[in-house]
Amino acid sequence: MVFSRSTVSIIFSAALLIPPAYASHVHRAPTSGKARTSSKTTSQTGTSSKSHKGGKRKTARKRGQQSIDSQRATQIQQALIREHYMSGEPSGSWDQASVAAMQKYQADQGWQTKLMPDSRALKKLGLGPDYSSAINARSGSFGAPQPTSSISTEQAAGFAAAAGVNQ
């Protein structure tokens, strides 16, 4: 029996299309030792909805920092007092006066005022990270750059050419 290429390709295509036609459209949840607390129902329009049978509902977990500890609040308040955005003595509690002062400070800098406090504001207030105890902080030698008179004219010409500057 001789088959042409088109006949073989039609038979091959049909063989690829037939198995999905017999596939099941029922999706089953994996089984476990616990009984399910919800059942899935399908309406006549084909959309699905879940109905809960008793049980506890999950509440959304709050993420990120929820409050400012009293030591950090005191530091921020001292910085805001120093910058004349607050008056009086630092209380150590992040109260409405502290929030208002930080919002005013951030607004004056052109930054957001809804999230408190902004990391840029803390850094500008001098409350950023302290790298004085870093491994290379003590041994680092950062000398002043060499004066231009110590650079050879050929090297200076090369720098100027690379920068696109005429001497």
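Overview of results
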| item | result |
| --- | --- |
| Residue satisfying all of: in the range 91-100; under 19 Å from Gly128 (Cα atoms) and surrounded by fewer than 20 Cβ atoms within 10 Å (Cβ to Cβ); nearest to the chain's Cα centre (by Cα) among these | Val99 |
| Hits in the range 56-110 (condition: more than 17 Å from Ala121 (Cβ to Cβ) and in a helix (DSSP H, G or I)) | Ser70, Gln71, Gln96 |
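Readers should treat all values here as calculations from the given coordinates under stated rules, not as data from a laboratory. Small disclaimer: the values here were computed from a predicted structure and weren't measured. Note that each Cβ is placed from the backbone with ideal geometry, even for glycine, and that neighbours are counted across all protein chains shown.
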